[in-house]
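Asks: There's a structure below that I have some questions on.
The values are calculated or read from the model by the stated rules, or taken from the named source; none is laboratory data. All values derive from a computational prediction rather than experimental measurement. Don't worry about glycine lacking a Cβ; one is built from the backbone with ideal geometry, like all the others, and counts go over all protein chains shown. For accessibility, only protein heavy atoms count, side chains too; no ligands or nucleic acids. Shrake-Rupley method; radii C 1.70, N 1.55, O 1.52, S 1.80 Å.
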Amino acid sequence: MQDELRPQDVWLSERFADYYRRNPTPMPAVVERFREREFGFLFHGQKFFLRHVGMPTPRELRQFMIQRAPAHAYYSTAFYQDPNAKTMVEKGWRGAELIFDLDADHVPGAEKLGYRAQLEKVKDHFLRLVEDFVMRDFGFAEKDLLLTFSGGRGYHCHVLHGRALGLNSAERREIVDFVTGTGLQLNAFIRPMTLRTKGFGRFQKADNTVVIPADDEPGWGGRINEAIRLHLAALKALPAEKKDDVLRMNFNGITKARLLTLQKDLDHLDEDRIRGVRFPDGTRRGIVDVGVEIYKYMERTLTFDTLVPLAKGETDEPVTSDVKRLIRLPGSLHGKSGLRVVTLDLDDIRGFDPLADAVAFGTEPIRIRVEKPANVDVAGFQADLPVGEATVPEAAAVMLMCRGAAVPI
Amino acid sequence: MANAGRPVDVQLLARYPYVPLAREYVKAQGYQLGDLLVDAAFERVRRRAVQRVKGSMERDGIADVAAATEAESEVELLSYPVARLLLAELHDPYLTSRYAVAESKLLNERLSSEQDDRVVWTVATALGVPLEAASDTESFARLHFLDFLRHAPGRDPSWKLVNQRLSAGFVSLDRARVVRLTEQALKDRLEDEVAELERPGREVAKAFPKELPELTTILAAHRARFAQDTSGEVRIEAFPPCMKAIWGGIQAHVNIPHMGRFAIVTFLHKLGMDSEAVLKFFSQVPDFDVNKSRYQIEHITGKIGGGTEYSTPGCSTMQTYGICPLEQRDEVCFSITHPLNYYRKRLRTLPPAKPSPPATPPAQEAANAG
């Protein structure tokens, strides 16, 4: 099982051990049911995954971290009667935290960005996930949540609320589907309607109209309203020629006259009415009601595929529905970046800069040999390093070696 | 309520004998199960109990009876614990689940026709659907989404969480939906409770000397019919849209995602094919690479790799992984939660199989002879 250790593996193990010696036991938030957790570890330069490890007390965990200095440390979101057991049946599942895991991989367009920009973008999506979905829709309070930066390219939200712990996998999947809009039935929310309204001139209202949920509707109702407004605004904002193309594409063989009418309809859309108007029965609903052409346009184009991506939340689906997942240990180091898994208050997330605030190492100058040209930007040190020898601050040296771009001299 | 003012409304309890209050009433009145089984005075109770169990295996379910008098109400009320004794004696998981469905359907009928909203509210809450006052005027009640998830019937997309009005953890419900959730809650509860009932003593067998063998016979006939449904050759016409789509993709040499291949292999395996038969089935596809797939198939069917046999993913898993062709679902899809149940259901509506089923290519000699 033992792989040959390279100099950088030894160097990183020493630095990681030193970090664990200098810092308190990781994972303060879960100490309560500490004995029921399974732990798992990967080590620098070694492929085997050590798992099914139970720790009697936080002290043993701390000693383990100092002695073995793992590259990656995980704990189970599940509670087990016997975390040391090798099979699920013997382990005896006793519930699990509800997890939302958002990584740069799941954020559309993130792959084209640099590390710093990726982190920023993931953070925005994560805040939306936590504030709009987990808190506003699901109604969990901040005290029920454990929020962490993963040390890599993402964030985790653990729901610790007692009632969430017993959810089975199918129920968790329903929760993921809610976030991602999977299975959303658009026709349950949007209804074509005929509203006969009197009027003339520019107050003339079309007979056909589309009634949508008001912008302040809870859950997906409000989201659909927002998505429709975003979609129509984007269409309106297109340059005239491009707009023609888009409309023609959706209306195969549309006549010039009708195209003009549609254009005019678009210009006359009343955003306030789309957001919501009071109906005679007292309810508030949105109306997209200008013109017969826009009605036809909506019928054809406002589909699941157009709208849901504009309003959905992002999260790693299998992680949430898994009731026996291992997840990064708060307070431990991420072996691919050298950054710390940081526990965060919701208020701190907006101002949180992982490349400064999750840094675990210092400024001591370290001589390294860069083996692949690398860009590094951490703890205020920023450089494009060519292949060859260099002297960089400790935090940057750790990051470069974790990435496999450099070796110690 | 007709009997308002009385401390306990027996007519009401008779309609909902599952609620704790009904159980307390039976206890408080001093009825002993032993007496219910032997005493001639309770003949009607025993007959109704048999009817309850038998009804659960009939198409129309348990017949409702209008208990007009207090005596009739007591018969109805007491027949429920006796029916449970019968189930405990028969001790059959299939019957238990049929019974749970039938009793909960009866509950649905009764609650739906209930004039008084408060009764709906009380029964729902007593059966583990903790309703709260609605926050808007349009809905009947609201329910925490975790309770909603526990009881929501999985098969109907209109019950998916994503299609609910969800605000601050609460789902808004109308009365019909509350009734449906209560039905499901009772079903789940009965399945758990009856499965855990201990086998009663000899007195139950003695009390139903003719009825028990009769029930056993009916049950055996049901089982036989059920088994017939999935035996025999695999018929592609009865595949659910998801499996048809995957199968179509494999035939067209489209790259099928891992989860899709996994799903169809487990599906075929659960229809009774071993790994050889699955391979043979796939070999209908021209230039299908048998060797490349053998390992995977044998792994999934448990032939190698620790012998774990994987089960076919259910509809919700298929949806999460994007393998369910949502647009192609048909009416059968909306009545099931698992691809295998689709197959069983569809199979019943198909004419008998033709002589040369797809899984076994016609023998060469036969072709030559023709």
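Asks: Kindly rank B:24-34, B:242-252 from highest to lowest mean number of other beta carbons found within 10 Å of each residue.
Replies: B:242-252, B:24-34
Asks: Pick out, from B:S172, B:S73, B:T125, the residue whose Cα sits farthest towards the positive end of the charge dipole of the range B:10-226, with +1 on the Cβ of Lys and Arg and -1 on the Cβ of Asp and Glu.
Replies: B:S172
Asks: For A:K264, list the lysines whose Cα falls under 20 Å from its own Cα; do not include residues on the same chain fewer than 8 positions away.
Replies: A:K205, A:K236, A:K242, A:K243, A:K256, A:K296
Asks: Continuing with the same structure: How well do other chains shield peptide A:221-234, expressed as the mean number of their Cβ atoms within 10 Å of each residue Cβ?
Replies: Counting Cβ atoms of other protein chains within 10 Å of each residue's Cβ and averaging gives 0.
Asks: For the protein assembly as shown, which whole percent of the accessible surface, found with a 1.4 angstrom probe, sits on carbon and sulfur atoms?
Replies: Whole-percent figure for carbon plus sulfur exposure: 52.
Asks: Where nothing but the Cβ of Lys and Arg (+1) and of Asp and Glu (-1) is charged, how large is the charge dipole of the range B:150-251 around its Cα centre, in debye to the nearest 20?
Replies: That gives the range B:150-251 a dipole magnitude of about 300 debye.
Asks: How do A:11-21, B:64-74, A:327-337 rank on mean C-beta neighbours within 10 Å, highest first?
Replies: Order by mean packing, descending: A:327-337, A:11-21, B:64-74.
Asks: Hey, another quick one. How would the range A:22-107 be classified by its alpha-carbon gyration tensor: rounded, prolate or oblate, with rounded meaning a/c under 1.5 and the a/b versus b/c comparison settling the rest?
Replies: It comes out rounded by the Cα gyration axes.
Asks: On to the next question. How much accessible area is lost when chains B and A come together, counting both sides, with a 1.4 Å probe, in Å² rounded to the nearest 100?
Replies: Summing both chains' loss of accessible area gives about 2400 Å².
Asks: First check a/c for the range A:1-149, with a ≥ b ≥ c the square roots of the eigenvalues of its C-alpha gyration tensor; if it is under 1.5, answer rounded, and if not, answer prolate when a/b is larger than b/c or oblate otherwise.
Replies: oblate
Asks: Pull out the extension gain between B:E132 and B:R23, defined as 0.36 nm times the separation in residues minus the alpha carbon to alpha carbon distance; nm, one decimal.
Replies: Stretched out fully, the B:E132 to B:R23 stretch lengthens by 36.8 nm.
Asks: Give me the distance between the Cα centres of the range A:301-349 and the range B:24-103, rounded to whole Å.
Replies: Result: 52 Å between the Cα centres.
Asks: Can you pull the mean other chain C-beta count within 10 Å for peptide A:177-185?
Replies: Taking the mean over all residues of the peptide, I get 6.
Asks: What distance in nm separates the simple spin-label points at B:T125 and A:V246, each placed 7 Å from Cα in the Cβ direction?
Replies: 5.2 nm
Asks: Using a basic spin-label model with each label point 7 Å from the Cα along Cα→Cβ, how many nm lie between A:E90 and A:E142?
Replies: 4.4 nm
Asks: Expressed in nm to one decimal, what extension gain is obtained for the pair A:Q81 and A:R278 from 0.36 nm per residue of sequence separation less their Cα-Cα distance?
Replies: Net length gain for the segment: 65.4 nm.
Asks: With unit charges on the beta carbon (Lys/Arg positive, Asp/Glu negative), name the residue among A:L127, A:H156, A:L302 whose Cα is farthest towards the positive pole of the charge dipole of the protein assembly as shown.
Replies: The residue sitting farthest along the positive end of the dipole is A:L302.
Asks: Still on this structure, please answer the following. Mind listing the phi-derived Karplus ³J(HN,Hα) values for the range B:67-76, rounded to whole Hz, using 6.51, -1.76 and 1.60 with θ = phi - 60°, and x for any glycine or proline?
Replies: 8, 7, 9, 5, 5, 4, 4, 5, 4, 4
Asks: Return one number: the angle in degrees, 0 to 90 and rounded to the nearest 10, between the long axis of the Cα atoms of helix A:256-267 and the longest principal axis of the Cα atoms of chain A.
Replies: Between helix and principal axis, roughly 60 degrees.
Asks: In straight Cα distance, which lysines are under 25 Å from B:K270, not counting same-chain residues fewer than 8 positions off?
Replies: Partners found: B:K244, B:K280, B:K292, B:K303, B:K345, B:K354.
Asks: Treating only the Cβ of Lys, Arg, Asp and Glu as charged (+1, +1, -1, -1), what charge dipole size does the range A:361-409 show about its Cα centre? Round to the nearest 20 debye.
Replies: About 140 debye.
Asks: Using +1 at the C-beta of Lys and Arg and -1 at the C-beta of Asp and Glu, which of B:A14, B:Q51, B:S97 has the Cα lying farthest in the positive direction of the dipole of the range B:1-115?
Replies: Result: B:S97.
Asks: Take the Cβ-Cβ distance between A:N187 and A:E389 as r, set R0 to 51 Å, and report the resulting FRET efficiency rounded to the nearest 0.05.
Replies: E(calc), rounded to 0.05, equals 0.20.
Asks: Taking A:K372 as the anchor, which lysines have their alpha carbon closer than 28 Å to its alpha carbon, excluding any fewer than eight residues away along the same chain?
Replies: Cross-link targets: A:K47, A:K112, A:K121, A:K336.
Asks: Same structure again: Can you work out the Karplus-derived ³J(HN,Hα) for every residue in the range A:167-175? Use 6.51 cos²θ - 1.76 cosθ + 1.60 with θ = phi - 60°, whole Hz, and x for glycine or proline.
Replies: Rounded to whole hertz, the list is 4, 8, 5, 5, 5, 5, 5, 4, 5.
Asks: Could you check the spin-label model distance between A:S169 and B:E196? Points 7 Å from the Cα along Cα→Cβ, value in nm.
Replies: Those two pseudo-labels are separated by 2.4 nm.
Asks: Which peptide among B:316-326, A:345-355 comes first, and what is the full order, when sorted by highest mean count of other Cβ atoms within 10 Å?
Replies: B:316-326, A:345-355
Asks: Which ³J(HN,Hα) values, rounded to whole Hz and listed in residue order, are derived for the range A:152-159 from phi using the Karplus coefficients 6.51, -1.76 and 1.60 in 6.51 cos²θ - 1.76 cosθ + 1.60 with θ = phi - 60°, glycine and proline given as x?
Replies: After applying 6.51 cos²θ - 1.76 cosθ + 1.60, I find x, 10, x, 10, 10, 10, 9, 9 Hz.
Asks: With r as the distance between the Cβ atoms of B:K303 and A:A234 and R0 = 56 Å, compute the FRET efficiency 1/(1 + (r/R0)^6) and round to 0.05.
Replies: 0.55
Asks: Sticking with this structure for a sec: Over the whole of A:156-166, what's the average partner chain Cβ count within 10 Å per residue? Rounded to a whole number, please.
Replies: Partner-chain Cβ atoms within 10 Å, mean over residues of A:156-166: 1.
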